[in-house]
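Scroll down for the structure; my scribbles are underneath it.
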Amino acid sequence: MNLEGMDLSLLNLTRVDFRKASFKGANFFRSDLEGANLAEANFESADFSKANFKRADLRRAVLKDVNFEGANFEGANLEETDLADQVMKNADLSWVNFKGANLSGADLTGVDLSYSIFDGANLEGTNLARADLTGASLRNANFNRANLKGAHMFRVDFRQVDLTGAIIDELPF
């Protein structure tokens, strides 16, 4: 399905099935995609600002150059998704599945990532300053050179995490 460049703003698209669809350059401003199946869809250069992706399935989706300002991804599945170099300020990313995702170089400054799963994810060089990682699982994740200054890291699973060169105030052990 090709919906490139479409204006889908302010629409109720809850639980739609748009697997493998192309939304390149589409506008989802304030759209409701709660529970939608968007696995392997292409959202390159799309606008997700203030959109609701709560519990949506975005596994292996293409999310390059996307505007995430104020979007809600609470409980979404972003497993194995490439989010390298994305700016995701003011987005709600709590309870998200980031297993095996690439978040290298992303800007997650002050973002709510509480209870999210980052097992096996790549967060090399990611800015997580003042982010809330309460209750997150970071097993086998790569935080090499990540900025965790001022991050809230209570009840975090740090097993086999690579923190080489990471900037950290202190760990809550």
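Set against the labelled values [x] 47, 21, 20; [y] 47, 37, 31; [z] 69, 30, 25, Cα extents along the principal axes in Å computed from this structure falls on [x].
Could you work out the local net charge near G5, counting Lys and Arg as +1, Asp and Glu as -1, over the other residues with Cβ closer than 13 Å to its Cβ?
Numbers: positive: K24; negative: E4, D7, E44, D47.
Summing Lys and Arg as +1 and Asp and Glu as -1 gives -3.
Seen from G120, the other residues with C-beta closer than 12 Å to its C-beta sum to a net charge of -1, counting Lys and Arg as +1 and Asp and Glu as -1. Take the Cα of K20, go 7 Å toward its beta carbon, and the backbone nitrogen atoms of the stretch 56-72 under 18 Å from that spot belong to 57-63.
Charge tally for R60 (other residues, Cβ to Cβ under 15 Å; Lys, Arg +1; Asp, Glu -1): -1. Within the straight-line cut-off of under 29 Å between alpha carbons, the lysines reachable from K149 are K50, K54, K64, K89, K99, sequence neighbours fewer than 8 places apart in one chain being disregarded. If you average the alpha carbon positions of the stretch 137-172 and of the stretch 71-114, how far apart do those two centres end up, in angstrom? Taking the Cα centre of the stretch 71-114 as reference, the centre of the stretch 137-172 is 15 Å away. Convex hull volume of the C-alpha atoms in the stretch 29-126, normalised per residue: 67 Å³. For the stretch 89-173, what does the alpha-carbon gyration tensor say about shape, rounded, prolate or oblate, given a ≥ b ≥ c as the root eigenvalues, a/c under 1.5 as rounded, and a/b over b/c as prolate? Verdict is rounded for the stretch 89-173.
Throughout, read-outs are computed from the coordinates displayed, never taken from laboratory work. From a predicted model like this one, the values you see are computed outputs, not experimental measurements. Note: ideal-geometry Cβ built from the backbone for every residue, glycine included; neighbour counts use all protein chains shown.
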